[in-house]
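Note sheet for the following structure.
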Amino acid sequence: MEDLLGDIGLYEAAPEAAPGVTRETHTGKQRKLYIESYGCQMNFSDSEIVASILAKEGFDTTSDINKADVVFLNTCAIREKAEQTVRNRLDHIQGLKKKRPGMLVGVLGCMAERLKAQLLEEEQLVDLVAGPDSYRDLPRLIGEADEGGRAVNTFLSREETYADISPVRLNSNGVTAFISIMRGCDNMCTFCVVPFTRGRERSRDPESIVSEATKLFESGYREVTLLGQNVDSYKWSPEANAKSRIEKGNASEVVTFAHLLERVARIHPDLRVRFSTSHPKDITDDVLYTMARYENICKYIHLPVQSGSTRILEMMNRGYTREWYLEKIRRIREILGEDCGLSSDFIAGFCSETEEDHRDTLTLMDAVRFDFAYMFAYSERPGTPAAKRFADDVPAETKKQRLNEIIAKQSAHGLERNRADVGKTFTVLVEGPSKRSEEFLQGRNSANKVVVFPRKNFVKGEYVQVRVEHCTGATLIGNAV
Ligand code: SAH
Ligand code: SF4
Ligand code: F3S
């Protein structure tokens, strides 16, 4: 079953990073590392941690696979198609390896975690398998693979957050950057493989987050996106970490996501703050009020609903009903205004989904009118609660048809929401030249909409007031005022 919108998944990579190939670093190191990233932004962010760990071990990164001594695919397991993409890519890389037998090929990330050592058997030329929590072990694993051993580490940790590692910014335009604030997920949505591939939820020390964001701002970055599978359950308490308790002494202070957001927002008014992903069951008014208080916290929320049917939501173990979700949307618009950007994720054809359930999804879309959405056909993942408990009984054709209906509706809503912006003036952070022409620049407004306008003398990293003159379904087009 093909996903019509591909498998980039949530918090889709910045356009520059879309092929998933890393930028080059040239510091005269001995070996060359090539990393391709798939899946969500957490994976792209992890690749930067991997590059940082290996930079200390004598590796520069290269964007030319033919020059690489080590080739890593940082993989995604969210849908079957995501894994198929990686397998096809491995087939291609095996051809290269025949020409250059000394080249090491490693599979990292969620597919590595899901399939573990099995990958070494299935894909004959894979030399190394490392799950998301074992990247500190990569130097040893590479050594082992160099010696011809079976280099596998898929141990999942309860503590690892890579807090002390400052990522080599590989996927970046120099203006916007991603910061992982937590890892893993404890939600156990029945369809989802993430709790199995990324392990238990754990939050990263807020000091290390604020310091990373501050350094980014000082080196010219103007936007940070705080990343986690469920940022609203971010929670850090010194007592969770005995070492910190001794150092800091204030054992009772718990840092919530709202607190963290505020601390990052206070670094500088010119540093924009975004975050992803929020969970409808966990997002608090506290977070919404914090967003309202700070101009530089972008007014955009990605709030995946998955389905509009309470019965299906229950089977998915999402922890909210249709009515709860609609009430959250009402609160968001009440506190942050109608212009607050809203996007969602949808799964079409989950187990036992009827026409009526599907219509509930369509009517929920009408009630909300999202600016944007990622839309998928349900893909059963081995080992998940849904795979164990429910039959994947909606025929592929029906899934596809329902997905198409969801996509058609979303396209109409996206266009309608963009048309409502024509005539308005927005503050746009310039990210670089537009995709189509060097004569135009592109950036985003607070609501996360892409805005394109004539270059003139404006430069990357600048805030520009742009009046929207017209639009497409995906882009606002205007002039600087
Ligand atoms: N943590 C995020 C989701 C991460 S996965 C959240 O809770 O919303 C990104 C999206 O992939 C999900 O929101 C869901 O829409 C989709 N997805 C996850 N598992 C899937 C599956 N088995 N089949 C189809 N889509 C899936
Ligand atoms: Fe998966 Fe649910 Fe966790 Fe999102 S919240 S990563 S959908 S289990
Ligand atoms: Fe992300 Fe895919 Fe893993 S969406 S968390 S890379 S399964």
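Some observations on this one:
- Which listed residue, of 467, 455, 444, is among the charged types (D, E, K, R), at pLDDT 95 or above, within 15 Å of residue 298 (Cα to Cα) and out of contact with any helix residue (DSSP H, G or I) (no Cβ under 7 Å at 6 or more places or on another chain): 444
- All of (1) within 16 Å of ligand 3 (Cβ to nearest atom); (2) within 19 Å of residue 342 (Cβ to Cβ); (3) touching a helix residue (DSSP H, G or I) at 6+ places or on another chain (Cβ under 7 Å) hold for residue 374 with one exception: (3).
- Residues that are touching a strand residue (DSSP E or B) at 6+ places or on another chain (Cβ under 6 Å), part of a loop (DSSP other than H, G, I, E, B) and in contact (Cβ under 8 Å) with a residue 40 or more places away in the chain, drawn from region 271-302: 277, 278, 298
- Residue that is farthest from ligand 1 (Cβ to nearest atom), among those in region 190-202 that are in a loop (DSSP other than H, G, I, E, B) and open to solvent by less than 10 Å² (accessible area, probe 1.4 Å): 199
- Any hit, region 368-385, residues being over 30 Å from residue 425 (Cβ atoms) and more than 15 Å from ligand 1 (Cβ to nearest atom): no
- Condition met for residue 390 (crowded, with 21+ Cβ neighbours inside 10 Å and within 16 Å of ligand 2 (Cβ to nearest atom)): no
- Among the conditions (1) at pLDDT 95 or above; (2) of a type in the set (D, E, K, R); (3) over 17 Å from residue 290 (Cβ atoms), the only one that residue 239 does not satisfy is (1).
- Residue in region 156-168 that is within 16 Å of ligand 2 (Cβ to nearest atom) and of a type in the set (A, V, I, L, M, F, W, C) present: yes
- Of the residues making up region 280-308, just one is within 16 Å of ligand 3 (Cβ to nearest atom) and open to solvent by 10 Å² or more (accessible area, probe 1.4 Å), namely 306.
- Among the residues making up region 109-132, those that are buried (at least 24 other Cβ atoms within 10 Å of the Cβ) and under 23 Å from the mean Cα position of the chain (by Cα) are 109, 110, 111, 112, 113, 129, 130, 131, 132.
Residue-wise test of (1) touching a residue at least 60 places away in the same chain (Cβ under 8 Å); (2) under 27 Å from the mean Cα position of the chain (by Cα).
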position: 354; (1), (2): no, no
position: 358; (1), (2): no, yes
position: 367; (1), (2): no, yes
position: 376; (1), (2): yes, yes
position: 381; (1), (2): yes, yes
position: 385; (1), (2): yes, yes
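- The residue pairs whose first member lies in region 185-209 and is of a type in the set (D, E, K, R), whose second member is assigned to a helix (DSSP H, G or I) and more than 14 Å from ligand 3 (Cβ to nearest atom), and whose beta carbons are closer than 7 Å, counting only pairs six or more residues apart or on different chains, are 201/233.
- Residue match in region 401-422 (condition: farther than 29 Å from residue 359 by Cβ and surrounded by fewer than 15 Cβ atoms within 10 Å (Cβ to Cβ)): yes
- Checking the stated criteria, residue 34 turns out not to satisfy the condition of being in contact with a strand residue (DSSP E or B) (Cβ under 9 Å, 6 or more places away or on another chain), within 15 Å of ligand 1 (Cβ to nearest atom) and either closer than 19 Å to residue 90 by Cβ or modelled with pLDDT of 95 or more (or both).
- Residue, nearest to residue 345 (Cα to Cα), within region 257-275, restricted to residues that are open to solvent by less than 10 Å² (accessible area, probe 1.4 Å) and out of contact with any Cys (no Cβ under 7 Å at 6 or more places or on another chain): 275
The values are calculated or read from the model by the stated rules, or taken from the named source; none is laboratory data. Remember, it's a predicted structure, so these values are computed and weren't measured experimentally. Methodologically, a virtual Cβ is constructed for each residue, glycine included, from the backbone with ideal geometry; neighbour enumeration extends over all protein chains shown. Keep in mind that these areas ignore ligands, DNA and RNA; they rest on the heavy atoms of the full protein, side chains included. Shrake-Rupley method; radii C 1.70, N 1.55, O 1.52, S 1.80 Å.
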